[in-house]
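For reference, the structure is listed below as structure tokens.
The values are calculated or read from the model by the stated rules, or taken from the named source; none is laboratory data. None of these values were measured; they are calculated from a predicted model. Every residue, glycine among them, receives a Cβ derived from its backbone with ideal geometry; neighbour counts consider all protein chains shown. Surface areas here come from the heavy atoms of the whole protein model, side chains and all, with no ligands, DNA or RNA. Shrake-Rupley method; radii C 1.70, N 1.55, O 1.52, S 1.80 Å.
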Amino acid sequence: MSGARADKGGSVSWLTRARAALRGVREWWDSASGPVRWSVYLLLIVGAVLLPADAVGNVMSPDSNWADLLFFPIGGYILLAIGLNVVVGQAGLLDLGYVAFFAIGGYTMAILGEKVGWSFWEILPVGIVVAALSGVILGAPTLRLRGDYLAIVTLGFGEIIRITARNTPAIGGPNGISGIPHPPTLTDWSIPDVEPFTSLGLGGLAPFEYGVLDARPYYYLMLAAIIVAIVFVVRLNRSRVGRAWAAIREDEDAAELMGVPTFKFKLAAFAIGAAIGGSAGVLYGAQVTSLNPAHFEFMVSALILAAVVLGGAGNLPGVILGAFIVAWLPERFRELKDYRMLFFGLALVLMMALRPEGLLPSRRRKAELEEGTGGMGGLGAGVAGPDGDPHEVKAEVAG
Amino acid sequence: MLLELADVHVHYGKIAAIRGLSLEVGEGEIVTLIGANGAGKTTTLKTVSGLRPLSRGRIVFDGRDISRMPGHKRVLAGIGQSPEGRGVFPGMTVADNLAMGAYARRGDTSKELAEVYELFPRLAERKDQLGGTMSGGEQQMLAIGRALMARPKVLLLDEPSMGLAPMLVQQIFSIIVEINRRGTTVLLVEQNAAQALQVAHRAYVLETGRIVKSAPAADLLDDPQVRAAYLGGAADAPITADPE
Ligand SMILES: Nc1ncnc2c1ncn2[C@@H]1O[C@H](COP(=O)(O)OP(=O)(O)OP(=O)(O)O)[C@@H](O)[C@H]1O
Ligand SMILES: [Mg+2]
């Protein structure tokens, strides 16, 4: 008993220190000037480019191909989490069927690539548009629902897409589609195998040649998509759209009273989230060469949502970190075989117990959680109940 | 008449919350709507601001039928509301909350902002505090100030005195009078009937979704039935809302 308590005390003080450090970093970042910030961005990008090196891989994933993992699930989950974060973290809508848009992107790539013969670069924009449209089609009738109802409908949508794919022989039924073409090579130029590139693990790499063996070019493609998505989402968030989403998330009725066309903006969040999910699907399809409905189980929706919530919904660095952890942990501890999902679950529970607001929450999000609104997809705000229950009771007592 | 509700019916599913309500608010007036819990006061205001659709009847505002106009467009038409429970954005600072109030407007809003800070100096002191961490009274000020940022022609106030200490209630009511004096029409919903009747020009009494009385506010202060039911007069003869 006392041992357990001491343990807890230890972990708490460790946590306090970590929190203080985090706060320090945040304050430094808030006061950092433009050039400083740009240098940090540049460093991050350079770091991401060097990430597939064997030296890193030996530590991060001794058992499986590190570059493969970096493309998917790590890169893929990060892109998906950025997209789902628009819906859950920014607009405050709970979507439990996000995998549907990933599937739609993937199948668009597979069908147009394998059956129609289009190239990846032609399919990418089509896949994004198709996914966005399906977001609108799903959202238009359902976004009038609130909180938990929306969650259930989206959950159903995710399953419907998967089951429809399984039961449609024209797209391969349960066997899916194989022989999906890789993206055509942009240029077979390769990085010369001289210093410093050799030591950095980049020597001889042809970054724009999409073959079968080397996963790195795909990873760079994913990285580019992630960067584009981040820039897009950050810009949106700083605009009138972002302010409208924040208002909707915190109090939808009040937002409408401010003149925010809440329905339109919720639909926009759905469409943008879906578009990003679709792009991840197209990229994924272009690398794996064959995909089937089993790739798009509910589990993917759940994991991406876990990534968003775990990392700190609404805060992009947190969401990216969350996605990284959710994608990487089970791969890293492959040696635990069947137990790894159990340990993974334990790790998730532990993290949420110690830090319910997420690993890197936004400050605003904390205030919202304390208030009990705008939580996860407005679950707390739920259905607009009869107003003022507490004082109704009080008035009765007084009367 | 600036605002006119004619035979308005509002339903929550099958339940009729408002059943044939008609009322008028003239330009420059303070009109108060009093009634017991569940009488339909909040529903009436939500219907005027467009948060609830009406199932029958019509609402005319500023000479225009707005019965089918979506809520977010009514802000630009000139309807501002401080909702029940205040509806402050908890994760936004006071300044951001006020900026949200002017969301629908284009152009410079510094004049309105200065006016709000002048009416509520407390808000000016706490510009950077998060809305969710403000006290109940401060949140009420913020909700009213935020509604004023859109320069409404009519301001709908839903129980602005709810949960406030008597001192603050006085202060809020005098600010409401001041806002009205500067030219904003006010439709005020209150539990605190005594206070509301003192500041209002006219009053309506609402019972289970219907207007049962309408008179100059001062007259209702002397009305024995109203006194008994809403002003804590003779406790032996309350008018209770009939159950459905
Ligand atoms: N979202 C809702 N769903 C179902 N019924 C509702 C809803 N909101 C209100 N009602 C019902 O409509 C009626 C009128 O409610 P309303 O909130 O307008 O009353 P009110 O006069 O504002 O009461 P109070 O003084 O307690 O705030 C009540 O019977 C209430 O139960
Ligand atoms: Mg009410």
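Observations on the structure shown:
- Filtered residues of segment A:155-204 (kept if in a loop (DSSP other than H, G, I, E, B), surrounded by 15 or more Cβ atoms within 10 Å (Cβ to Cβ) and at pLDDT 85 or above): A:172, A:176, A:180, A:181, A:182, A:183
- Taken over segment B:143-155, the criterion of being away from chain A (no Cβ under 11 Å), assigned to a helix (DSSP H, G or I) and open to solvent by less than 10 Å² (accessible area, probe 1.4 Å) is satisfied by B:144, B:145.
- Candidates B:34, B:30, filtered to the one that is more than 16 Å from ligand 1 (Cβ to nearest atom), within 13 Å of the chain's Cα centre (by Cα) and more than 9 Å from chain A (Cβ to nearest Cβ): B:30
- Note on segment B:54-92: residues that are at negative phi, away from chain A (no Cβ under 14 Å) and not hydrophobic (A, V, I, L, M, F, W, C) amount to 7.
- The helices (runs of 4 or more DSSP H) found entirely in segment A:258-355 that carry 2 or more residues being within 14 Å of chain B (Cβ to nearest Cβ) are A:262-288.
- Residues being open to solvent by 60 Å² or more (accessible area, probe 1.4 Å) and over 25 Å from residue A:285 (Cα atoms) - total across segment A:102-154: 7
- Within this structure, residue A:224 fails the test of being surrounded by 14 or more Cβ atoms within 10 Å (Cβ to Cβ) and away from every other protein chain (no Cβ under 14 Å).
- Check on residue B:39, modelled with pLDDT of 95 or more and either open to solvent by less than 30 Å² (accessible area, probe 1.4 Å) or away from ligand 2 (no atom under 16 Å from the Cβ) (or both): no
- Of all residues in segment B:110-131, those satisfying the criterion of being open to solvent by 30 Å² or more (accessible area, probe 1.4 Å) and closer than 19 Å to residue B:164 by Cβ are B:121, B:122, B:125, B:126, B:129.
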